[in-house]
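Rule-based calculations on the coordinates, nothing more; no lab input. Bear in mind that the values here come from a model prediction, so they are computed numbers and not experimental data. Cβ coordinates were reconstructed from backbone atoms using ideal geometry, including for glycine residues, and neighbour counts include every protein chain displayed.
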Amino acid sequence: MNNIVEGGCFCGSVRYSFKFDKYPSANCYCSICRRISGAPFVSWLAIPSDLFKYLNNKPKKIKSSSHGNRFFCDECGTPIACVLEGDPKNINITIASLDKPQEFEPKAKIFVDDMLDWLK
């Protein structure tokens, strides 16, 4: 297996990479993830920030709450990442923006109290 993982947005304007490893992952059911993605939940992978790099254009930043910032492509709108004030050493990457998302199955569920009833 290649030791470098890559991903990016739908249009290719934003590309990123990081070293392959077993990182924490989860499906998040919070209302902010739902609203920012237009989906019932978002799958995240937590990468140490010092192992992560953008390869070309950087995404646009939006302060999505009092405790975090979201990053998305300003060309096509793809959600790319989230950085939380309580965990500044990690960047949370949307698993679906990876080139091979099938290699990173989410291992946990977070904010399940916010899960839409029709998902239960």
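Taking Cβ atoms as reference points and 14 Å as the exclusive limit, the residues near residue 58 contribute a net charge of +3, counting Lys and Arg as +1 and Asp and Glu as -1.
Summary of the geometry: the stretch 1-25 and the stretch 50-120, compared by the centres of their Cα atoms, lie 12 Å apart.
Each of 5, 14, 83 was scored by other Cβ atoms within 10 Å of its Cβ. Arranged with the fewest first, they read 83, 5, 14.
Put simply, when 49-58, 72-81 are sorted by average Cβ atoms within 10 angstrom per residue, most first, you get 72-81, 49-58. Taking K and R as +1 and D and E as -1, what net charge do the other residues with C-beta under 13 Å from the C-beta of residue 84 add up to? Counting the neighbours of residue 84, the net charge comes to +1. Inter-label distance, residue 66 to residue 31: 1.4 nm, where each label sits 7 Å from its Cα along the C-beta direction. About its Cα centre, the dipole of the stretch 47-90 is roughly 80 debye, where the only charges are +1 on Lys and Arg Cβ and -1 on Asp and Glu Cβ. Subtracting the Cα-Cα distance of residue 74 and residue 50 from 0.36 nm times their residue separation leaves 6.3 nm of extension gain. Pairwise Cα distances in the chain exceed 26 Å for 14 percent of all pairs.
Dipole magnitude for the stretch 4-115: computed about the Cα centre from +1 point charges on Lys and Arg Cβ and -1 point charges on Asp and Glu Cβ, it is near 180 debye. Note on residue 117 and residue 89: their simple-model spin labels are 4.2 nm apart, each label 7 Å out from Cα toward Cβ.
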